[in-house]
Amino acid sequence: MCMEMIFGVLAGFLGGGAAMYVLQRRRRRRELKRAVLLAEDILNEREVRMAALGQETLYGKLEHRLVRVQEMMQGSRDEARRSRDEIQRLISEIAHQMRTPLANLETYIGFLQEIAEDSGQEGLWRSADAAEESAGKLHFLVESFIRISRLEQHIIQIKKEETDILKTVRNALGQIQRRAEEKEIEVSVDFPGRASCAHDGNWLGEALFNIFDNAVKYSREGGAIAVSVTEDEMFLKVCVRDYGIGIEAGEECQVFRRFYRGKRVTSQEGFGLGLYLAREIVNMHGGFLVVKRMEPGLMMEVDLPGGLSGRCL
């Protein structure tokens, strides 16, 4: 009788222990699932609040630490954003302050050239030309910094009022025609009868000019450039194919960085700002700019939303 009682007690104890183990395991599983969801919210930068504040549970401890991690990450992001905005503001202010002395410098260079021409002094004339070239480079840098700053701070808004994309492409091509002729580069075009896409003619024209200008700059004397405009169901595409120096493998994304110049660049002048500006402008149009290595040369493709199914007529 005593043995039966002992076995009954043991069975009850083991049964209760097993039930308790199952309950604790289920609770731990629920807590870990909640912790995983909390971590996903933090990774996706969604604000979370402590729901288990003061609870001495596994989830309560995990929640407290994860929320602390989020607060630290948010503080770092805020500080990085403040630093970035301060740098952009400083660059913009410096660029604006440089405009006036640059304008004065260009004026005095003009006077110097007139004096050199009247006096017939060749050395003075060469010095004036060199100074004018340097002033031109500084002017280009200042204006580029100002445009970049305004775009990044959203001071300038893209106004999609133009629909005739072919007009914008032709205007941009017209700006590089003289330089292409000087290098005896043949520019061929393949355009449809008409193509429409809502865009900002001035800003997108500047992006296309930068792309076309790069194609001419890095093409060899007597080379060729092909420009085409096509549409599919989703995108309107402007493709620019050149047969120039191209880029190395792995540089496809780096060419869009500010001040980056390809490894194959040697004597070609430039600052590495054109493609950065072009991509920013295209992105603000809701499109994207991609580069494809070709042998030889490069293919730049501007994809703008619209296409045949969303044509803006």
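Results, tabulated for the structure shown:
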| item | result |
| --- | --- |
| Heavy-atom accessible area order for Met234, Met294, largest first, 1.4 Å probe | Met234, Met294 |
| Note, ³J(HN,Hα) from phi for the stretch 203-216, Karplus 6.51, -1.76, 1.60, rounded to Hz, x at Gly and Pro | 6, 5, x, 5, 4, 5, 4, 4, 5, 5, 4, 4, 4, 5 |
| Cα-Cα over 22 Å, subset of Lys217/Lys292; Lys237/Lys292; Lys167/Lys237; Lys33/Lys61; Lys183/Lys292 | Lys183/Lys292 |
| Sequence of Lys159, Lys61, Lys183 when ordered by accessible area, the most exposed leading, probe 1.4 angstrom | Lys159, Lys61, Lys183 |
| Ordering of 173-182, 192-201 by packing [mean C-beta count within 10 Å, highest first] | 192-201, 173-182 |
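The values are calculated or read from the model by the stated rules, or taken from the named source; none is laboratory data. The structure presented is a predicted model; accordingly, all values stated were derived computationally and were not measured. Neighbour counts are summed over all protein chains in view; Cβ atoms, including those assigned to glycine, are modelled from backbone coordinates with ideal geometry. The protein model used for the area step is the full one, side chains on, heavy atoms only, and it has no ligands, DNA or RNA in it. Shrake-Rupley method; radii C 1.70, N 1.55, O 1.52, S 1.80 Å.
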